[in-house]
Amino acid sequence: VSVSKEPVESVTLTKTYKLANEGTESPDVKFSYVIENAGMEDEAEGVTVQPSISGDYSVSFTGSEVTPAGASKSFTINLPEIGFTGIGIYSYTIHEVDGNIAGVKYDDKDVTMKITVVNDEVNGGFDYYVALYKDGIKIEDEDAFTNTYEANTLTIKKDVQGNFSDPDKRFPFEIALTGVDGDKYESSYNITGVKDESSSTTVSVGGGTANVNISENDGAIVITNLPYGVTYTVTETDPDDYKVVGENTHTGTIGEVASEVTIVNEKGNTSIDTGVYLDNLPYIIVFAGVLAAVAVLVIRRRRVDD
């Protein structure tokens, strides 16, 4: 068995938590761990029960601590407090509890901790040697657990086309978000870039629709920090006398690539009534030139006759 070179009194396990994407922010999260017995080997005679490891093993992060580069925190297991009564190799499974917080990718790979207990022939009692494994491979304590907060943005834009279109005209939109069953979401998510005072500035997952009014000149509006797996539906509800180019409802799911919806409307692109058929203008110009030439010839002939 591969073990630590020197006896230890405690084991410190480190977890790293990071953001998947710039511009997102994790909610405050507490990660908890359960330690379960996983069997004994070469235990001393009379040792029939493996001692259990109990206690509150957890680490907490505030949203502001977490960055794309990652933040690290640790928890410690004090070995003498476990209560070994004999030599042997004692295995434990350390499991991260899935808290079902939307956007948090929990580490679903357990850490196996093997504690080799031997007699301390100098001081009496026991010495403890520890080895950590994950997927059958020995790891260092700082590589115990890794988590990622996975969230992204939804951008919504308006595009108007045609020679009678008004880039300042605002069109009404409804936005609805649906979450993953069992996941826990923030109470609301911010809508930034809104220029119309009657528009919603937040939207909730599973909490009905948000209503916003958007013009082309307003620019994009953005819903920030949406966890992966959230499904969005964006609908333009009243295009007025504008034609919708394509679909007026767009749906999709938040994922690794930022989502964008652009709804296009068209008005115009018809010939302008000026009283002159512009398509005949070249012929009119040629005809006018011919008349002018005839007039010149008539004038010259009269002068000659005189």
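Any read-out appearing in this document is the output of simple, stated calculations on the displayed coordinates, not a laboratory observation. Bear in mind the structure is a predicted one, so any value in this text is a computation, not a measurement. Positions of Cβ are generated from backbone atoms using ideal geometry, with glycine treated the same way; all protein chains shown enter the neighbour counts.
At 0.36 nm per residue, minus the direct Cα-Cα distance, what do GLU25 and LYS5 gain on full extension? Give it in nm, one decimal, please. Mind showing how you got there, number by number?
Values: separation 20, 0.36 × 20 = 7.20 nm, distance 4.07 nm.
Stretched fully, the GLU25-LYS5 segment lengthens by 3.1 nm.
Search the structure for amide H atoms under 5 Å from the amide H of ASP218, placed 1.01 Å from N in the peptide plane, and list their residues when 5 or more places away or on another chain.
none
Hey, got a sec? Which trypsin sites (Lys or Arg not before Pro) in the stretch 1-91 land in a DSSP loop and have at most 15 other Cβ atoms within 10 Å?
Numbers: sites: LYS5, LYS15, LYS18, LYS30, LYS73; in loops: LYS5.
The qualifying sites are LYS5.
Once every DSSP H run of n ≥ 4 in the chain is given -39500 (n - 2.57) and the sum is divided by its residues, what mean residue ellipticity at 222 nm do you get, rounded to the nearest 500 deg cm²/dmol? Present the calculation step by step, with values, prior to reporting the outcome.
Values: 1 runs with 25 residues, N = 306.
The helix contribution divided over the chain gives -3000 deg cm²/dmol.
Top mean-square fluctuation among LEU291, LEU79, LEU177, Gaussian network model of the chain, C-alpha springs under 10 Å?
Sorting by GNM fluctuation, first place goes to LEU291.
Assuming R0 = 30 Å, can you tell me the calculated FRET efficiency for the pair THR48 and GLU140, based on Cβ-Cβ distance, to the nearest 0.05?
Details: r = 33 Å, r/R0 = 1.10.
E between THR48 and GLU140, to the nearest 0.05, is 0.35.
Expressed as a whole number of Å, what is the distance separating the alpha-carbon centroids of the stretch 220-260 and the stretch 58-91?
Taking the Cα centre of each part, the stretch 58-91 and the stretch 220-260 sit 43 Å apart.
Number of Lys-Lys pairs in the stretch 119-232 under 26 Å by Cα, sequence gap 8 or more or different chains?
Lysine pairs, 8 or more places apart or on different chains, close enough: 5.
GluC sites (Glu not before Pro), restricted to the stretch 91-183: which are DSSP loop and have at most 16 other Cβ atoms within 10 Å? Walk me through the intermediate numbers first.
Values: sites: GLU96, GLU121, GLU140, GLU142, GLU150, GLU174; in loops: GLU121, GLU140, GLU150.
For GluC sites (Glu not before Pro) across the stretch 91-183 that sit outside H, G, I, E and B with at most 16 neighbouring Cβ atoms in 10 Å, the list reads GLU121, GLU140.
Counting only DSSP beta bridges with both residues in the chain, tell me the antiparallel percent, nearest 5. Working shown, then result.
On the way: 69 of 84 bridges.
Of those bridges, close to 80 percent are antiparallel.
Per q in 0.06, 0.13, 0.14 Å⁻¹, report the Debye log10 I(q)/I(0) for the chain, using one uniform scatterer on each alpha carbon and no solvent.
-0.43, -0.95, -1.03
Restricting to Cα pairs below 8 Å that are 6+ residues apart, what does the relative contact order work out to for the stretch 75-221? Please round to a whole percent. Provide the component values of the computation, followed by the final result.
Details: 238 pairs, mean separation 29.2, N = 147.
RCO, the stretch 75-221: 20 percent.
How high is the relative contact order of the chain, in percent, counting Cα pairs under 8 Å that sit 6 or more residues apart? Intermediate results must be reported in sequence, preceding the final value.
Values: 659 pairs, mean separation 53.3, N = 306.
Here the relative contact order equals 17 percent.
In whole Hz, what ³J(HN,Hα) sequence does the stretch 123-136 give by Karplus (6.51, -1.76, 1.60; θ = phi - 60°), x for Gly and Pro?
Going residue by residue, I get 9, x, x, 10, 10, 10, 10, 10, 10, 10, 9, 9, 6, x Hz, with x marking Gly and Pro.
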